[in-house]
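Beneath this line is the structure, given in structure tokens, with notes to follow.
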There are 6 protein chains.
Amino acid sequence: MSNRLTAFREKRSAMNEQVFALDHLGVKRFFNLDSNTYKDGALTGKQKELLGLVASAVLRCNDCIDYHLEQCAKEGWSHDEIIDAMNVALVVGGSIVIPHFRHGVETLNFLKEEGYFQS
Amino acid sequence: MSNRLTAFREKRSAMNEQVFALDHLGVKRFFNLDSNTYKDGALTGKQKELLGLVASAVLRCNDCIDYHLEQCAKEGWSHDEIIDAMNVALVVGGSIVIPHFRHGVETLNFLKEEGYFQS
Amino acid sequence: MSNRLTAFREKRSAMNEQVFALDHLGVKRFFNLDSNTYKDGALTGKQKELLGLVASAVLRCNDCIDYHLEQCAKEGWSHDEIIDAMNVALVVGGSIVIPHFRHGVETLNFLKEEGYFQS
Amino acid sequence: MSNRLTAFREKRSAMNEQVFALDHLGVKRFFNLDSNTYKDGALTGKQKELLGLVASAVLRCNDCIDYHLEQCAKEGWSHDEIIDAMNVALVVGGSIVIPHFRHGVETLNFLKEEGYFQS
Amino acid sequence: MSNRLTAFREKRSAMNEQVFALDHLGVKRFFNLDSNTYKDGALTGKQKELLGLVASAVLRCNDCIDYHLEQCAKEGWSHDEIIDAMNVALVVGGSIVIPHFRHGVETLNFLKEEGYFQS
Amino acid sequence: MSNRLTAFREKRSAMNEQVFALDHLGVKRFFNLDSNTYKDGALTGKQKELLGLVASAVLRCNDCIDYHLEQCAKEGWSHDEIIDAMNVALVVGGSIVIPHFRHGVETLNFLKEEGYFQS
């Protein structure tokens, strides 16, 4: 079941290792800060993953959309809830977001094939 | 208790009336579509206002931040939850978001003076 | 005569069908609103397609550029007029637009191969 | 009849003089290139001012919107045509463009007071 | 010698205090990370302030431009070098950067009045 | 040693030729202006290439990042200095820059394979 989502995950992992191997203190701190942002706080990690998804969509970054879509699926957001969130991004960001909306819908299909959104 | 938030509300209302008076069908439809986006659906209106806030913050639009901050306050998000959401925007959008983060914190102060976040 | 433009059209159609199949009222309304935007009004549809092209170019979205380039060709804009419009986008948006300018020129070549811009 | 549009024009002129006084060859060439962009070519200057307006609106720059609105008025675009162009920007750029749309409508009012759009 | 630059500094300081008083761990870490970014590393702090200026200019944030202009002046960059850097931002970012270029030139005037760039 | 960097160079050259063949005076002037921007002036060409890299990174344009990375390598910036510059872009631009940071690190690997950064 090879697709662009699995290819993305592998490339992302491999490159993240190389980024850490650079051993640049500021870069490593930024990556850690980024991970910690989505841990439970005043908001739950689940809530914040959805915020991260919408931020990624209006800023039109497909890799970021894919990453947060998977996290949202893992956190238990339903397919309909995710689409409703992406609709907010579409209206705020305008028709320029449409290609990224289509991309996200395709990614959701890959996630479905992997067993997410079944209940 | 005059401040920039009340001035913003008045200007926004007055100009919205003028926008509707233009009687451009496409523009009116867009404004209606925008309002409907934040009504209950698969996600609640409350959840979507927080998404709108984060989208506004990463796109760095102070007027949009002010509008969604007030909506978030009305919907019952706490001060701490709003800050936690804005922190997601800060990390996704970077230090270029900082002036808008400061702006949002000032707006939250105005909302506090108006009685929000008291419980 | 297979190229990335025909691949784009096919993928775009297939994904648009899936987007409509989501049956999200807000999303469907936005897509309809978007289509209606380019119909004759105070400005002609032809004029508005050129505006859509320039908006797409300064916002640096290749898929949007390709879509509007084809619409501009269909509406009867000449190759020279389209390049003159893209030059406005280049100057407004700066050298960061250059890769998208090159992309657009390649797309225009594909459109030429399909018979556009012959008169 | 003092308003923010006349203040903008004065500040813009004064600062442009200072920019030229810097005597930086690259900067001066860029400013000249920018002016020449809106002269008649394959497209008329009139057509290109409308493109410049839409580019400014989706990139959300109020000063640029004000400048191009005045140029569009001078070139003979009607109030309705300008609104129809700004609607394209609204749909492409999304609700984040709304504050700039309102700003543009106010600027059009100032231009009306100055005698534009009367025929 | 009251001007918008001194007003900006005061407001920025006051609001930064309020941001720290929020006591949000992620926000505080981001602000610390941001400060540390401009300390000597493989590049000097002086070099990195100029990078921060250009990044702020192409992203079109006047507050960020003002902050980095002052830091660049303090680090010893000359007026001509700063203009040459801002010209890079102008060409990369396009004519949409012009209002921010004018803003930056005015800020440089305020800095001159305060005694910078005298040698 | 075929990779995406060599493919990018070839495509870029071929398309630049086609852009010049359009024989649009404004476009040609913009391309010339762009090249001249990175020549020695108040700042050295070497310094300005690093500014161009950071501007490209915060604006999230992979092709522009690749181009400026190669120029930075040719101008003699070390691997560590380039990473330190990219870290500025990461902090200013936020986590949305991360995919472009990873892309840049991969490009630096290709440049290493070509013999850069050996001393």
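The values are calculated or read from the model by the stated rules, or taken from the named source; none is laboratory data. Predicted, not measured: the structure shown is a model, and the values here were computed from it. So basically every Cβ, Gly included, is an ideal-geometry build from the backbone, and we count neighbours across all protein chains shown. Heavy atoms of the whole protein, side chains included, go into the accessibility calculation; ligands, DNA and RNA do not. Shrake-Rupley method; radii C 1.70, N 1.55, O 1.52, S 1.80 Å.
If you draw the axis that swings chain B onto chain E, which residue of B has its Cβ closest to it, and how far is that in whole Å?
Closest Cβ on chain B to the axis mapping it onto E, in Å: B:R60, 5.
Tell me, what is the FRET efficiency for A:K112 and E:E114 to the nearest 0.05, using R0 = 60 angstrom and their Cβ-Cβ distance as r?
Efficiency for this residue pair is about 0.45.
How far is C:E75 from itself in the other copies, in nm, if each label sits 7 Å out from Cα along the Cα-Cβ line, shortest first?
Computed spacing set for this position: 1.4, 3.6, 4.0, 4.0, 4.5 nm.
Kindly point out, ordered by number, any Cys in chain D whose beta-carbon has no other cysteine beta-carbon under 4.7 Å away.
Cys with no partner Cβ under 4.7 Å: D:C72.
Would you check the accessible area of F:L69, probe 1.4 Å, heavy atoms only, in square angstrom rounded to 10?
0
Please grab the % of Cα pairs in segment A:68-119 that end up more than 16 Å from each other.
Above the 16 Å cut-off, segment A:68-119 has 36 percent of its Cα pairs.
Could you give log10 I(q)/I(0) at q = 0.14, 0.18, 0.20 Å⁻¹ for segment F:4-67, computed by the Debye formula over C-alpha point scatterers of equal weight, without solvent?
-0.51, -0.83, -0.98
Per residue, how large is the accessible surface of chain C? Use a 1.4 angstrom probe and give square angstrom.
Per residue, chain C has 38 Å² of solvent-accessible surface.
Of the cross-linked pairs B:K39/B:K112; A:K11/A:K48; B:K74/C:K39; D:K28/E:K112; E:K48/F:K39; A:K46/E:K28, which ones have a Cα-Cα span greater than 27 Å in the structure shown?
Those over the limit are B:K74/C:K39.
Please compute the alpha carbon radius of gyration of the protein assembly as shown, then divide it by the globular-protein estimate 2.2 N^0.38 Å. Two decimals is fine.
Against the empirical 2.2 N^0.38 Å value, I get 0.91 for the protein assembly as shown.
Which whole number gives the average count of other chain Cβ atoms within 10 Å of the Cβ atoms across peptide C:17-23?
The per-residue average across the peptide is 3.
From the label point of F:A14, set 7 Å from Cα along Cα→Cβ, how far away are the matching label points in the other copies, in nm, ordered shortest to longest?
Taking the point 7 Å beyond Cα along Cα→Cβ, the inter-copy spacings are 2.5, 2.5, 5.4, 5.9, 6.0 nm.
If you count only protein heavy atoms and use a 1.4 Å probe, how large is the accessible surface of B:I96, to the nearest 10 Å²?
The accessible area comes out at roughly 10 Å².
Tell me the total accessible area that B and A bury against each other, 1.4 angstrom probe, in square angstrom rounded to 100.
Counting both chains, the buried surface is close to 2200 Å².
Net charge near D:S56, counting Lys/Arg +1 and Asp/Glu -1 over other residues with Cβ under 10 Å of its Cβ?
In short, -1.
Expressed as a whole percentage, what fraction of the accessible surface of segment E:20-119 belongs to carbon and sulfur atoms when a 1.4 Å probe is rolled over the protein heavy atoms?
Carbon and sulfur atoms account for 44 percent of the accessible area of segment E:20-119.
Considering the Cα positions of chain B, please state its Rg to one decimal place and its Dmax as a whole number of Å.
14.8, 43
Between copies, how far does the label point of B:L25 sit from its twins, in nm, shortest first, when each point is 7 Å from Cα along Cα→Cβ?
Inter-copy label distances (nm, one decimal, shortest first): 2.1, 4.3, 5.6, 5.6, 6.4.
How many angstrom lie between the C-alpha centres of segment F:1-45 and segment B:1-27?
So the separation of the two Cα centres works out to 45 Å.
Distance between the C-alpha centers of segment B:80-119 and segment A:65-107? Whole Å please.
24
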